[in-house]
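Handing you this structure, nothing more for now.
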Amino acid sequence: MVPAIDISAVSRRFGQLLALDNVSFRVEPGEFFALLGPNGAGKTTLISAMAGLTRPDSGTIRIMGHDVVSDYKAARQSLGVVPQELVFDPFLTVRETLRFQSGYFGLTRNDAWLDELLFKLGLSDKADVNMRALSGGMKRRVMVAQALVHRPPVIVLDEPTAGVDVELRQSLWSFVQELNHAGHTIVLTTHYLEEAEALCNRIAMLKKGRLVALETKDKLLARSNERDVALKLSSDLPASLEALRLRQEDGRHILRLPELGALEGVLATLRQASVEVRELSMIEVDLEDVFVHMMQGGAN
Amino acid sequence: MQGFLTLFRKELVRFWKVSFQTVAAPVLTALLYQLIFAHVLSKHVEAYPGVSYSAFLIPGLAMMSMAQNAFANSSSSLIQSKITGNIVFLLLPPLTALEFFAAYLLAAMVRGLAVGAGVLLVTSWFGLGLPTHPLWVLIFALLGSAVLGTLGVIAGIWAEKFDQLAAFQNFLIMPLTFLSGVFYSIHSLPGFWRAASHVNPVFYMIDGFRYGFFGQADISPWLSLGVVGASFILLSALALWLLHRGYKLRH
């Protein structure tokens with residue numbers, strides 16, 4: 001099967017800054033894929049390169065098998081991008097904006113689909129309102145609709161929920177999930193790690209232009225060696241274990257172990273001190289821990 | 001093709017929605033020039049035998065207005081899109097460089113022609129009369145708007161700030177259009193300034209346009225056509241090359 005996105009050895013330098021450093025990965029059709037990294041990691045540069053807004057110094061990118069430089073028409077026809085910056089044309093209404101955008105993709109008589117998009121994004125009653133009169137969240141929804149006018153098989157959202165209220169964030173994600181279930185490949189970048197954790201199957205992490213991790217979400221979560229464990233004890237924590245303690249809550253001691261194997265030693269120490277374990281539970285790692293860990297250069 | 005048509009229509013909608021400012025205002029400005037200069041100079045100057053100064057002035061003003069407005073249309077539309085960032089919605093779709101260029105160019109020409117027609121209409125009682133060679137009038141109206149519309153595309157691509165575009169407009173376009181024989185026949189100029197006028201392409205637009213009305217001008221309309229036509233070909237080749245390379249648009 002042709003990959004939805006095929007990024008091969010892409011590098012891009014802006015003056016002194018190496019924004020992308022030999023990045024390669026593939027996204028398969030139907031995936032829900034997250035691109036994570038701190039500000040300046042190269043996420044937006046990579047998306048711009050996919051969309052033809054930036055030209056890589058070296059390497060190639062294919063969207064549904066179409067090279068974004070040599071076969072740019074087919075590549076762009078296959079790709080819908082929601083840019084990060086909130087931008088709009090102040091001369092136009094919502095419907096005009098979407099009709100013109102359809103036309104740029106060569107589509108006329110697209111109104112049935114545009115109406116459906118307006119409805120799904122809660123914009124039906126704003127169709128004839130000028131873009132200037134919309135709130136930030138509403139403008140963001142129009143940008144999502146604009147990216148979808150040509151029903152692209154691959155949809156890229158560059159931090160679509162930054163600065164957006166909770167309600168919109170949830171309705172937007174349920175709409176994007178619906179698109180994913182309908183077969184669209186979704187790539188998103190986000191600062192909200194819980195979003196990536198909740199929605200995506202596979203995750204790539206970028207740091208200073210380099211790909212530092214590329215794995216399924218579950219593997220990535222399993223990759224952090226540190227484990228937090230909550231213990232309820234019959235008496236105080238022995239002094240020798242104080243160093244491991246993160247905090248105490250609800251009568252439980254939360255210990256951070258450098259790895260799971262260290263639990264054995266902890267239990268032995270407790271036995272020697274005649275402290276009885278009343279309750280023991282592992283605390284699930286979340287993506288944020290893994291992320292922070294990786295960005296500090298711990299793994300890989 | 002559909003992409004081009006859509007962008008062309010969008011560009012028309014853009015200036016038409018503010019036509020008071022983009023069409024009516026320049027027509028009024030030209031009318032004011034006509035009223036003042038015709039009043040002050042009509043008794044003193046006769047540019048060509050049998051042609052009153054009032055009549056002589058009109059084609060010059062019409063062409064100057066066409067040129068300035070064709071330039072303003074493409075350049076201001078592009079710089080606004082670049083500064084507000086909504087140019088991205090034109091860069092994401094599969095539009096070719098030619099489609100992009102042709103849409104901005106034709107919309108600029110339509111605005112230029114609308115303004116030119118407006119100027120001719122409101123100055124019609126100053127005794128211009130019907131053109132002797134309507135085809136020359138049409139050719140120079142189209143080519144003159146096209147050259148400046150193209151220059152507007154180039155300026156709009158190049159400029160990164162309104163400031164830079166204003167500099168382009170005030171230090172290049174304004175002198176070129178004012179010092180082009182709008183208000184006088186260049187035969188009345190001293191030698192240096194007459195020679196200087198001959199390197200100004202806008203001079204040829206105005207002279208050729210005038211020839212169409214009066215059947216006489218400072219130079220042959222064929223020479224004017226050659227210069228204006230060559231300017232258009234060179235500038236559009238440059239504009240297309242810049243768009244094809246993505247100069248200042250795709251980084």
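In the list B:L235, B:L243, which residue meets the criterion of being of a type outside the set (G, A, S), within 14 Å of another protein chain (Cβ to nearest Cβ), touching a residue at least 24 places away in the same chain (Cβ under 8 Å) and out of contact with any Asp or Glu (no Cβ under 8 Å at 6 or more places or on another chain)?
Step by step, each of B:L235, B:L243 is checked, and only B:L243 is of a type outside the set (G, A, S), within 14 Å of another protein chain (Cβ to nearest Cβ), touching a residue at least 24 places away in the same chain (Cβ under 8 Å) and out of contact with any Asp or Glu (no Cβ under 8 Å at 6 or more places or on another chain).
Okay, moving on. If I filter region B:1-10 for residues that are part of a helix (DSSP H, G or I), in contact with a Ser or Thr (Cβ under 7 Å, 6 or more places away or on another chain), within 14 Å of another protein chain (Cβ to nearest Cβ) and surrounded by fewer than 22 Cβ atoms within 10 Å (Cβ to Cβ), do I get at least one hit? Spell out how you get there, then give the answer.
Within region B:1-10, the first condition is being part of a helix (DSSP H, G or I), and the residues that meet it are B:2-10.
Right, trim to in contact with a Ser or Thr (Cβ under 7 Å, 6 or more places away or on another chain) and you get B:2.
Next cut, within 14 Å of another protein chain (Cβ to nearest Cβ) only: B:2.
With the extra rule that they be surrounded by fewer than 22 Cβ atoms within 10 Å (Cβ to Cβ), the set shrinks to B:2.
Checked against the condition, which is being part of a helix (DSSP H, G or I), in contact with a Ser or Thr (Cβ under 7 Å, 6 or more places away or on another chain), within 14 Å of another protein chain (Cβ to nearest Cβ) and surrounded by fewer than 22 Cβ atoms within 10 Å (Cβ to Cβ), region B:1-10 yields at least one hit.
Sticking with this structure for a sec: Of everything in region B:97-120, what is surrounded by fewer than 20 Cβ atoms within 10 Å (Cβ to Cβ) and without any contact (Cβ under 8 Å) to a residue 60 or more places away in the chain? Give them in sequence order.
Selection gives B:L113, B:A117.
Restricting to region A:115-133, what's the tally of residues that are out of contact with any strand residue (DSSP E or B) (no Cβ under 8 Å at 6 or more places or on another chain) and away from chain B (no Cβ under 14 Å)?
Of the residues in that region, 13 qualify.
Checking the conditions here, which among A:L148, A:L193 is hydrophobic (A, V, I, L, M, F, W, C) and at pLDDT below 95?
After ruling out the rest, the residue left standing is A:L193.
Further, regarding this structure: If you go through region B:86-99 one residue at a time, how many are more than 7 Å from every other protein chain (Cβ to nearest Cβ) and of a type outside the set (A, V, I, L, M)?
Of the residues in region B:86-99, 2 are more than 7 Å from every other protein chain (Cβ to nearest Cβ) and of a type outside the set (A, V, I, L, M).
Return the residues of region A:76-88 that are without any contact (Cβ under 8 Å) to a residue 60 or more places away in the chain and either of a type in the set (K, R) or crowded, with 24+ Cβ neighbours inside 10 Å (or both); say none if nothing qualifies.
Answer for region A:76-88, where residues must be without any contact (Cβ under 8 Å) to a residue 60 or more places away in the chain and either of a type in the set (K, R) or crowded, with 24+ Cβ neighbours inside 10 Å (or both): just A:R76.
Which count do you get for residues in region B:210-237 that are surrounded by fewer than 16 Cβ atoms within 10 Å (Cβ to Cβ) and assigned to a helix (DSSP H, G or I)?
Summing the residues that are surrounded by fewer than 16 Cβ atoms within 10 Å (Cβ to Cβ) and assigned to a helix (DSSP H, G or I) in region B:210-237 gives 8.
Let me ask something else. Identify all residues within region B:11-28 that are touching a Phe, Trp or Tyr at 6+ places or on another chain (Cβ under 7 Å) and more than 9 Å from chain A (Cβ to nearest Cβ); write none if there are none.
Listed by number, the residues that qualify are B:E11, B:T22.
A further question follows. Which condition breaks for B:A103 when tested against (1) away from chain A (no Cβ under 14 Å); (2) among the small types (G, A, S); (3) within 20 Å of B:L235 (Cβ to Cβ)?
Going through the list (1) away from chain A (no Cβ under 14 Å); (2) among the small types (G, A, S); (3) within 20 Å of B:L235 (Cβ to Cβ), B:A103 breaks only (1).
Of the residues B:A38, B:A62, B:A55, B:A47, which is under 11 Å from the mean Cα position of the chain (by Cα) and of a type in the set (G, A, S)?
Numbers: B:A38 fails: under 11 Å from the mean Cα position of the chain (by Cα); B:A55 fails: under 11 Å from the mean Cα position of the chain (by Cα); B:A47 fails: under 11 Å from the mean Cα position of the chain (by Cα).
Criteria check complete, one pass: B:A62.
Please list, ordered by first then second residue, the pairs with beta carbon atoms under 6 Å, 6 or more apart or interchain, first in region A:196-215 and on the phi > 0 side of the Ramachandran plot and of a type outside the set (A, V, I, L, M, F, W, C), second buried (at least 19 other Cβ atoms within 10 Å of the Cβ) and modelled with pLDDT of 85 or more.
Listed pairs, sorted by first residue: A:G209/A:A19; A:G209/A:L20; A:G209/A:G42.
Within region A:9-114, which strands (runs of 3 or more DSSP E) (wholly inside it) include 1 or more residues that are within 13 Å of another protein chain (Cβ to nearest Cβ)?
A:17-27, A:58-63, A:79-82
Give me the pairs, please: first residue somewhere in region B:178-196 and of a type in the set (G, A, S), second residue anywhere and assigned to a helix (DSSP H, G or I), beta-carbon distance under 6 Å, and either six or more positions apart or on two chains.
Pairs found: B:S180/B:V202; B:S180/B:F203; B:S180/B:I206; B:G181/B:F203; B:G181/B:I206.
Only one residue in A:V266, A:V229 is outside the structural domain of A:V23 (by the TED database) and under 30 Å from A:P38 (Cα atoms). Which one? Steps first, please.
Details: A:V266 fails: under 30 Å from A:P38 (Cα atoms).
The match here is A:V229.
Mind telling me which of the residues B:S81, B:S19, B:S76 ends up being among the hydroxyl-bearing types (S, T, Y), closer than 21 Å to B:G112 by Cα and under 15 Å from the mean Cα position of the chain (by Cα)?
None of the other options fit; the residue is B:S76.
A further question on this structure: Please work out which residue is nearest to the other protein chains (Cβ to nearest Cβ), limiting yourself to region B:70-85 and to residues that are surrounded by fewer than 22 Cβ atoms within 10 Å (Cβ to Cβ) and among the polar types (S, T, N, Q).
Residue satisfying both the conditions and the ranking: B:T84.
The values are calculated or read from the model by the stated rules, or taken from the named source; none is laboratory data. From a predicted model like this one, the values you see are computed outputs, not experimental measurements. Glycine also receives a Cβ, built like all others from the backbone with ideal geometry; neighbour counts cover every protein chain displayed.
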